[in-house]
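In what follows, a structure is listed as structure tokens, so that the remarks can point back to it.
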Amino acid sequence: MTRLIIDISRYILIALIVVYTAQCYLAFFRKDEDAREYMFLRQNVVMFCIHFVAFMVLYLKMEQAMLLYFYGAQVLYLLAVLVFFRNLYPRASKLIINNMCMLITVGFIMLTRLSYDQATKQFQILVAGTVIALIIPVIIRKMHILTRWAWFYAVLGIGLLGAVAVMARVTYGAKLSLTVGGITLQPSEFVKIIFVFFVAGMLAKSVEFKNVAVTTALAAIHVLILVISTDLGSALIFFITYLMMLYVATKDLRYLAAGFAAGAVACVAAYFLFSHVRVRVDIWRDPFREYEGGGYQVAQSLFAIGAGGWFGTGLFQGSPGAIPIVDQDFMFAAVTEELGGIFSICLILICMSCFIMFVNIAMKLTEDFYRYVAFGLGCLYGVQVFLTIGGAMKMIPMTGVTLPLISTGGSSLLSTLISFAIIQGLYILREDEEEELNEEEDYYYDEYYEGEYGSDNYPNQRYPY
Amino acid sequence: MFLSLAGYLIYFNIEKRDEINSNANNTKQESKQEQIIRGSILSADGEILAGTNVDEEGNETRLYPFDNVFAHVVGYATNGKAGVEAEANFDLLSCHASILDQVRNHGLDTKVRGDNVVLTLDSKLQRACYDALGSYSGAVVVVEPDTGKILAMVSKPDFNPNTISSDWETLISDSSNSSLFNRALQGQYPPGSTFKILTTLAYLREHPDDYQSFGYDCNGSISRDTVRITCYGGEVHGHVDLESAFVHSCNGAFAEMGMGLDNEAFKNVCEDFMFNTELPIGLPSSKSLFSLEKGASYGEEMMTAIGQGNTVASPLEMALVAASVANGGNMMKPYYIDRLETYDGDVVKEYRPSVYREVMSTEEAALLADLMTKTVEQGTAKKLSGQSYTAAGKTGSAEYETGEEQGTHSWFIGYSNVNDPDLAIAVIAENGGSGSSTAVPIAKQIFDSYYYNYYGE
């Protein structure tokens, strides 16, 4: 009987996530505020259904009472996040909150299935991180001074990365983590955010060539330190994010072209200079040739995705555990194996919806600094998702980064939560701005929506009449 | 960017999934054995070659009713996997039975039956080949010329897949027999005089108008530089033209021919026939090799022309050469799985014949067919003549030396029913002496049993 339930459950899960994903995009086209509200609520219902069905299956297979408590705690957590955000910040973007919760839910499901212990640990970090995340929008709102510390961010970022490069423990062939007082941290995860602040601060000051040159040099130091620490995934994320931010700030295609040309040259140089880069590329070319060696992980990931097909094997019917460090870099393969290719495509689309929202928010902010921050954080997120999913499918060489909100890894989780919270803060800031303008003009403007996809409705363009 | 990810995942599922799922290192299928009873492997005539028996307590045993006869093709599923058991592992552990069936079985928590794999091999012909090869080490491959279907494939020494677990230690420690090795696909033998078919083709291409004026006086041997080549058994053929040189397999004449050939062009002919290329068969196989560079010595050229020297070929390769002649110059892509079926007989997937390449013109094929027919009528393969069926072919007596040991492999490649060929065949009996004395009678026994129904209708 259990098998029948698992078998049916996988179709139900797929149907639910398809409905959820469809609503993410339909929301962009709904103009009526009430209808949108209703849609977001419905998304929450769908999310809880997915959560329930998945945990029912997990319970049937694991038969541990603890699981029921864990499930309850998760439901409470999700409810709390939704309720708190809605009430503390009624102006927050509900689509982003929903997507965040949805991704966290998928993470809960897969982590619990892979390792209950890991999942509980992750849950604790999640709760702590969420508390921090709840405060952040306030900070953003109140502390305008944050915009003027560009040099401080640069020193902090480079300092932290430098410290890692010098003192870090080597894990999986890369220097990543730093242990302070018993807590192991991956500073590069946090430096990402600091880095975005630094670049935004510098570029908001001026986009004169001299200033751009100084900023580029400092950004290059970040990237170089990461390359030396062999954290190639992060190096790539920093690099692309910087280029995109530079382009948005200067609107000058020449910078973008020069940047990508330099990047291409650097990649080729890295291939010949660093053996670990060569290894990654060789594995990407043919993971089966070095099956016993480095190719094993990618090969197993491909086997997992292949075994999953469109509909997945069903929870506990696959063997994602065969992939080494599946819970971090290859979470996507695990999801695809057990929940199916369609589920994974929806997951990609949900991530895309987050990204679109980030960029959308960025476009509508008036102050340069905030606009660049929002855009930079969006890029960080987008590039990271691309690298980890592309790597797991062998579409691009594996770079070893996590899938935000779904993979284990406290630092990654915390930094993603913080990014999401900052974006929320900026979003609220924008709504505040609007309100002020509205009050000045004593004119209540009701038709201005959070997520008008594709519109370039800058707030200051709204008053031609 | 995100859409490219989604797009790639879709592409992966459509294009690459099968390849990944049947990768030899993929162990994902093992877990499916808990829900699916491994499907059967059937012969084209419906005999069960491998099947899973389930006793009352639910214990499963894999049975191979034909014991050693299909050993290498069907392979085994314990102690690792080989043959069809390995290549079709994913299909055998997939179930395409109706959803209703599957749901019912899931509801009852009983296993469903995996799909069956139906081979192109015919159990009667396979048995005939197995018996005909007798106690010789070697291989027999039978191909249907106009489809590329492999109808029989035997390799000896062999093993019994039913007792493979208990025999395992002996099998892997015995390096002199290498019984697990499928000689039909993985054997690399000097092709000997069977290779003269390709030498002749290369000669025809360089002398399209005057090949009939070829002449050579055979006095039993030919020497150039330090290399001396004799005709098999010291025979003296006297004056030969192209036809009689081929029919009587005169080494001197072909050595002379070989020295006049453009080596590059010769190599191209052979590479068209899949030398130096992986055979597109989907089972572990060895490449057949041909290497003759510009400026090779006369010795090398002479040796290569008579199928000695550095040239090696697998039995399937040589069967395909014969099949191409039989099929008027079109080489068909060889295949051994005819279709996949559900356990209750609904077809899941069917494999169709496809042309691999046109390796020669119809006229060239007709000329070679004529030479091969005359070889049976009056030459080295005369033992095949005078039957109710007609045949064509070429013998080979390939000399080999491995360490201390030296001897002669006995080859025959050819086909039956000259006007509308039924079976293309390659026979090799290791250390069997001349082609005429051993391989030809083996081929005859196989053709006889096919046309005279020795193994039943």
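The values are calculated or read from the model by the stated rules, or taken from the named source; none is laboratory data. Quick caveat: nothing in here was measured; it's all calculated off a predicted structure. Virtual Cβ from ideal backbone geometry, glycine too; neighbours counted across all protein chains shown.
Each row is one residue, and each column tells you yes or no for (1) surrounded by 21 or more Cβ atoms within 10 Å (Cβ to Cβ); (2) part of a strand (DSSP E or B); (3) not hydroxyl-bearing (Ser, Thr, Tyr).
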{"position": "B:ASP45", "(1), (2), (3)": "no, no, yes"}
{"position": "B:GLY51", "(1), (2), (3)": "no, yes, yes"}
{"position": "B:THR61", "(1), (2), (3)": "no, yes, no"}
{"position": "B:ASN68", "(1), (2), (3)": "no, no, yes"}
{"position": "B:HIS72", "(1), (2), (3)": "yes, no, yes"}
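When A:ALA163, A:ALA154, A:ALA168 are screened for being assigned by TED's automatic domain parsing to the domain that holds A:ILE221, among the hydrophobic types (A, V, I, L, M, F, W, C) and modelled with pLDDT under 75, only A:ALA168 passes.
You will find that of B:GLY258, B:GLY252, the residue that is within 31 Å of the chain's Cα centre (by Cα), free of Cβ contacts under 8 Å to residues at least 40 places away in the same chain and in a helix (DSSP H, G or I) is B:GLY252 and no other.
The rows are residues; the columns are (1) under 27 Å from B:GLU358 (Cβ atoms); (2) crowded, with 22+ Cβ neighbours inside 10 Å; (3) touching a strand residue (DSSP E or B) at 6+ places or on another chain (Cβ under 9 Å).
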position: B:ARG127; (1), (2), (3): no, no, yes
position: B:LEU133; (1), (2), (3): no, yes, yes
position: B:ILE150; (1), (2), (3): yes, yes, yes
position: B:THR163; (1), (2), (3): no, no, no
position: B:LEU171; (1), (2), (3): no, no, no
position: B:PHE181; (1), (2), (3): no, no, yes
position: B:THR194; (1), (2), (3): yes, yes, yes
position: B:GLU206; (1), (2), (3): yes, no, no
position: B:ASP209; (1), (2), (3): yes, no, no
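Is there a residue in the stretch B:251-268 that is more than 27 Å from B:ASN330 (Cβ to Cβ), aromatic (Phe, Trp, Tyr) and buried (at least 17 other Cβ atoms within 10 Å of the Cβ)? Can you show your working first?
Taking the stretch B:251-268 and keeping what is more than 27 Å from B:ASN330 (Cβ to Cβ), we get B:251-253, B:255-256, B:259-260.
Filter again for aromatic (Phe, Trp, Tyr), leaving none.
No - not one qualifying residue is present in the stretch B:251-268.
For the structure I just gave you, tell me whether A:ASN98 is more than 23 Å from A:ASP327 (Cβ to Cβ) and without any contact (Cβ under 8 Å) to a residue 24 or more places away in the chain. First the steps, then the outcome.
Values: more than 23 Å from A:ASP327 (Cβ to Cβ): yes; without any contact (Cβ under 8 Å) to a residue 24 or more places away in the chain: no.
Taking the combined requirement at face value, the residue does not satisfy it.
So in the stretch B:1-34, with the set limited to residues that are more than 7 Å from chain A (Cβ to nearest Cβ) and not in a helix (DSSP H, G or I), which one is modelled with the lowest pLDDT? Top of the filtered list is B:ALA24.
Which one is farthest from B:LEU151 (Cα to Cα), of the residues in the stretch B:410-441 that are in a strand (DSSP E or B) and touching a Phe, Trp or Tyr at 6+ places or on another chain (Cβ under 6 Å)?
Applying the first criterion (in a strand (DSSP E or B)) to the stretch B:410-441 yields B:410-416, B:424-429.
From what's left, touching a Phe, Trp or Tyr at 6+ places or on another chain (Cβ under 6 Å): B:416, B:424, B:427-429.
Values: B:SER416: 14, B:ALA424: 9, B:VAL427: 14, B:ILE428: 17, B:ALA429: 19 Å.
Filtering the stretch B:410-441 for residues that are in a strand (DSSP E or B) and touching a Phe, Trp or Tyr at 6+ places or on another chain (Cβ under 6 Å), the one farthest from B:LEU151 (Cα to Cα) comes out as B:ALA429.
Filtering the stretch B:271-282 down to residues that are farther than 12 Å from B:LEU316 by Cα and in contact (Cβ under 8 Å) with a residue 60 or more places away in the chain, which residue is surrounded by the most Cβ atoms within 10 Å (Cβ to Cβ)? Among residues in the stretch B:271-282 that are farther than 12 Å from B:LEU316 by Cα and in contact (Cβ under 8 Å) with a residue 60 or more places away in the chain, the one surrounded by the most Cβ atoms within 10 Å (Cβ to Cβ) is B:ASP272.
Among the residues of the stretch A:1-25 satisfying the criterion of being free of Cβ contacts under 8 Å to residues at least 24 places away in the same chain and within 22 Å of the chain's Cα centre (by Cα), which is surrounded by the most Cβ atoms within 10 Å (Cβ to Cβ)?
Initial filter on the stretch A:1-25 (free of Cβ contacts under 8 Å to residues at least 24 places away in the same chain): A:1, A:3-4, A:8, A:15, A:22-23.
Next, only the ones that are within 22 Å of the chain's Cα centre (by Cα) stay: A:22-23.
On the way: A:ALA22: 14, A:GLN23: 19.
So, considering only residues that are free of Cβ contacts under 8 Å to residues at least 24 places away in the same chain and within 22 Å of the chain's Cα centre (by Cα), the one surrounded by the most Cβ atoms within 10 Å (Cβ to Cβ) is A:GLN23.
Return yes or no: is A:MET395 under 23 Å from A:VAL19 (Cβ atoms) and within 13 Å of chain B (Cβ to nearest Cβ)? When the stated conditions are applied, A:MET395 does not pass them.
Confirm whether A:LEU68 is in the same structural domain as A:PHE311 (by TED's automatic domain parsing) and in contact with a Ser or Thr (Cβ under 7 Å, 6 or more places away or on another chain). Don't jump to the end; show me each part of the working.
Numbers: in the same structural domain as A:PHE311 (by TED's automatic domain parsing): yes; in contact with a Ser or Thr (Cβ under 7 Å, 6 or more places away or on another chain): no.
Answer is no for this residue.
I'd like to check something: does the stretch A:366-379 contain any residue that is within 14 Å of another protein chain (Cβ to nearest Cβ), in a helix (DSSP H, G or I) and of a type outside the set (D, E, K, R)? Yes, the conditions are met somewhere in the stretch A:366-379. A:ALA65 satisfies every condition listed in (1) farther than 26 Å from A:LYS121 by Cα; (2) over 24 Å from the mean Cα position of the chain (by Cα); (3) surrounded by fewer than 17 Cβ atoms within 10 Å (Cβ to Cβ); (4) hydrophobic (A, V, I, L, M, F, W, C) except (1).
For the stretch A:293-319, name all the residues that are under 19 Å from A:SER412 (Cβ atoms) and within 11 Å of chain B (Cβ to nearest Cβ).
Going through the stretch A:293-319, the residues under 19 Å from A:SER412 (Cβ atoms) turn out to be A:297, A:301.
Across the stretch A:293-319, the qualifying residue is only A:SER301.
Looking at A:MET352, is it farther than 12 Å from A:LEU111 by Cα and at pLDDT 80 or above? Judged against the criteria, A:MET352 is a match.
Filtering the stretch A:336-351 to residues that are within 11 Å of chain B (Cβ to nearest Cβ), in contact (Cβ under 8 Å) with a residue 40 or more places away in the chain and among the hydrophobic types (A, V, I, L, M, F, W, C) leaves A:ILE342, A:PHE343, A:CYS346, A:LEU347, A:ILE348, A:LEU349, A:ILE350, A:CYS351. B:VAL355: closer than 20 Å to B:PRO145 by Cα, among the aliphatic types (A, V, I, L, M) and buried (at least 22 other Cβ atoms within 10 Å of the Cβ), yes or no? Criteria not met by B:VAL355.
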